[in-house]
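Novice: Take this structure first; my questions come after.
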Amino acid sequence: MSVAIVLFSALLFCAMILNLAAKPKFTRGLIGACALISAIGGLILYGIGFSYTLSDPVLRVVRTVLAVSRMYAGINDYASVSGAPMYSHLVWQILFWIIHLMAFYATASASISALGSAALKRLKYWLQRYGSSVIIYGISDDTVEFGRSLMASGIHNIIYVGSQPDAACDAAINAAGGLVRSDLSALNPDRKFLKSVGSEKGAPDLTLYALDVDANRNQFYAKALLSALEDAGVDTTRVKLVMRSSDDSVESGLTQTKDRYGYGDVKNFTDVSLTARLLMQNMPPCDKMSFREDGSAQGDFEAIIVGFGKTGRSVLRYLVRNAQFVGSHFRAAVFSPASDNENGYFCSSYPGLMEEYDIQFHTDDAKSRSFYTYLRSNAAALRYVVVCTGNKARDAEIVSEISAFLAQLGSSAAVCQCSAKSISWCIQPGEPLHYQSVYSAGIIGSNTYDRMAMMLNYSYVNDKNITPEQAWADCDYFSRESSRASADFIRAFLRITGTAEEELDAESWRRKSPTLLENLGITEHLRWCAFHYSMGFTAMPEDVLRKRGEHYRTEVTEKGSSRLRITKDLPHRMHACLCGWDDLDTLSRIEESYTGKYTDYKDMDVRNVLALPNVLRAAKERSE
């Protein structure tokens, strides 16, 4: 019997210690509950006990309060109240000691955490070996904020890798339940490090967020971890990489393919591309438009962008992607005193945007009279204003002034402020601004939109014998980005048709009028073209298309098959489908003449739209 008592006591003590290394949110909740229950229970137990053992009412109250206070120091006054009749029953005695244990735990947890922080860190280190893990490379206030966001969304086992942070940052990470690794094994990942995160063997669920401010360091660390995984023979199908880079439109070379060992899923981003994407999700351009029953837009889409640094350039690219509607003309006016010296890279890297869309550059300052003259004359048609000069205080002042001015004119344009780290926006001028940080699980992790992107990609796959995950793994980086852009636009299709997501079903969606479905298909084509132009693509000349067709035909004749995509030249960023809707029939016939396979590019766009109900349903099922 004594052995059993010792064993159960040891188990209880270990459980208390282990809890301190458990999920912080749960731990804080448990400690708070213990403190509250023990206080109430102590007042009841001692209050009743002293009412029997003491005669003076004042003494009863004072002794009760003192006894309850002493509970939290691990001291009990059982001898003083044991004479009460209720303590002759074993149940009340057990309850008395449980209340004391809870009180002591509520107090001792803080002491144990402080005095045994090193031991707790070792315990957390050990616990990281079990379950899925997240590695955040790069320690800063931004990444600490991001880690908190991950934990709030239910993701734990977070390891921060980087130089030893300052005391405040280290305390914040520990308080959130994360673990800091600054040892050589973590900074230069090897088998020892993989073993410590449970990834030395098998197929782990592991995500690396490479978020250092230096994009080159992120690339180096991602390659080093991948090399360690390869040396250990780890299947990386479920190993993901989300990496801050210098260019989100360039493939990192770290994605797993049939011929290359790599991460199962890779997403590159720049801070400004996340800002722009976050803006499109929180203040989608479609919400500033009205649509007819046939799916065509009522009016043009006109935007103003103040500032044309990295943030302004990224915002413009994403606006073009997300503001293409049938019957609507897209126009963007960029205001920046230095625009002539700022737009060289943009115009040279994205020539298709400059050729296909109405983008105007102005050297007027956003505080100048000429700017407000433009604002007044275009207020009625204006849908969107984004301020992103790079000076947060100046941006806030400009936004406030523009918002007040447009409110006086009765404009309904959205007014937004963007930086590399956050966005603010108001749906109507004069309204209070909403705010959201880029460093949140919903935008950097973006699991919801990535699930939809994966299912959209799967809807294009002809071989249904493979799973959506397998199809996504076989997808090249550019195609994944294309699917992500398509997922971002789903909300626009629902807005155009006036359909609530919860009311969407495949049958009613398919029964839409032929005119509406065709306009939705045209909208999809406009969106697809805008995405490709925003990624640096240009239209493929017909002579190049026919040369590629002849090359395809030669390969089929000589080898029996060809993997060449006649219409798509990814290395040279050219695509034959970057043409008008009515030109797609001619393109389809040209491709047919070389492949001998029936091709209908118009029908492909319509089928992509028809797939949306099933895509949303499948994405939702995978999130449950």
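The values are calculated or read from the model by the stated rules, or taken from the named source; none is laboratory data. Predicted model only: the values in this text are computed from it and were never measured. Virtual Cβ from ideal backbone geometry, glycine too; neighbours counted across all protein chains shown. Each accessible area value is taken on the protein alone, full model and side chains, heavy atoms only, with ligands, DNA and RNA left out. Shrake-Rupley method; radii C 1.70, N 1.55, O 1.52, S 1.80 Å.
Novice: Report the semi-axes of the equivalent ellipsoid for the stretch 364-483 in whole Å, largest first, where each axis is √(5λ) for an eigenvalue λ of the Cα gyration tensor.
Specialist: One finds semi-axes of 41, 16, 13 Å for the stretch 364-483.
Novice: While we're looking at this one, here's another question. Kindly provide the helix-only [θ] at 222 nm of the chain, computed as the sum of -39,500 (n - 2.57) over DSSP H runs of four or more divided by all residues, to the nearest 500 deg cm²/dmol?
Specialist: Estimated from H runs of four or more residues: -17000 deg cm²/dmol.
Novice: For the stretch 183-244, run through the trypsin sites (Lys or Arg not before Pro) and keep only the ones in DSSP coil with at most 14 other Cβ atoms within 10 Å of their Cβ.
Specialist: Lys201
Novice: Right, here's the next one. Considering only protein heavy atoms and a probe of 1.4 Å, how much of the accessible area of the stretch 210-262 is carbon and sulfur, as a whole percent?
Specialist: 46 percent
Novice: Can you bin the stretch 261-357 into rounded, prolate or oblate? Criterion: square roots of the alpha carbon gyration tensor eigenvalues sorted a ≥ b ≥ c, rounded for a/c under 1.5, prolate for a/b above b/c, oblate for the rest.
Specialist: oblate
Novice: Please give the per residue accessible area of the chain, computed with a probe of 1.4 Å over protein heavy atoms only, in Å².
Specialist: Computed with neighbouring chains in place, this is 46 Å² per residue.
Novice: For volume of the Cα convex hull per residue in Å³, which listed value, [x] 228; [y] 153; [z] 189, comes from the coordinates shown?
Specialist: Recomputing volume of the Cα convex hull per residue in Å³ here gives the entry labelled [x].
Novice: For Thr538, what residues show an amide H to amide H distance below 5 Å, using hydrogens built from the backbone and excluding near sequence neighbours?
Specialist: Those lying under 5 Å, H to H, from Thr538 are Met574, His575.
Novice: Take the Cα radius of gyration of the stretch 290-441 and divide it by 2.2 N^0.38 Å, with N its residue count; two decimals is plenty.
Specialist: 1.02
Novice: Turning to a different aspect of this structure: How big is the dipole moment of the stretch 229-292 about its Cα centre under a simple scheme where the beta carbon of each Lys and Arg is +1, that of each Asp and Glu is -1, and everything else is neutral? Debye, nearest 20, please.
Specialist: So the magnitude is around 420 debye.
Novice: Report, for the chain, the % of DSSP beta bridges that are antiparallel, rounded to 5.
Specialist: Counting DSSP beta bridges with both partners in the chain, the antiparallel share is about 20 percent.
Novice: How would the stretch 357-421 be classified by its alpha-carbon gyration tensor: rounded, prolate or oblate, with rounded meaning a/c under 1.5 and the a/b versus b/c comparison settling the rest?
Specialist: rounded
Novice: Where the accessible area of the stretch 415-521 is counted over protein heavy atoms with a 1.4 Å probe, how much of it, in %, is carbon and sulfur?
Specialist: 48 percent
Novice: Now for a separate question. Report, in degrees rounded to the nearest 10, the 0 to 90 angle that the Cα long axis of helix 392-409 makes with the longest principal axis of the chain.
Specialist: 70 degrees
Novice: From the square roots a ≥ b ≥ c of the eigenvalues of the alpha-carbon gyration tensor of the stretch 480-621, which class results: rounded (a/c under 1.5), prolate (a/b over b/c), or oblate?
Specialist: Prolate shape, in that a/c is at least 1.5 and a/b is the bigger ratio.
Novice: In debye, nearest 20, what is the charge dipole magnitude of the chain about its Cα centre with +1 on Lys and Arg Cβ and -1 on Asp and Glu Cβ, if you could check?
Specialist: For this selection, approximately 1840 debye.
Novice: I'd like to know which of Gly352, Ala332, Ala215 lies farthest towards the positive end of the charge dipole of the stretch 213-365, counting +1 on Cβ of Lys and Arg and -1 on Cβ of Asp and Glu.
Specialist: Of the listed residues, the answer is Ala215.
Novice: Also, quick follow-up: Can you give the longest run of the chain that contains no chymotrypsin sites (Phe, Trp or Tyr not before Pro) sitting in a DSSP loop with at most 14 other Cβ atoms inside 10 Å?
Specialist: No qualifying site falls inside 262-597, the longest such stretch.
Novice: Cα atoms only: what Rg and Dmax, in Å, come out for the stretch 429-534?
Specialist: 16.3, 54
Novice: Mind putting a number on the dipole of the stretch 408-552 about its Cα centre? Charges go on the C-beta only, +1 for Lys and Arg and -1 for Asp and Glu, and I need it in Debye to the nearest 20.
Specialist: 220 debye
Novice: Please tell me which of these pairs span more than 29 angstrom C-alpha to C-alpha: Lys267/Lys512; Lys195/Lys223; Lys512/Lys568; Lys258/Lys512?
Specialist: Lys267/Lys512; Lys512/Lys568; Lys258/Lys512
Novice: Work through the residues other than Val81 whose Cβ is under 12 Å from its Cβ and net out their charges, Lys, Arg +1 and Asp, Glu -1.
Specialist: +1
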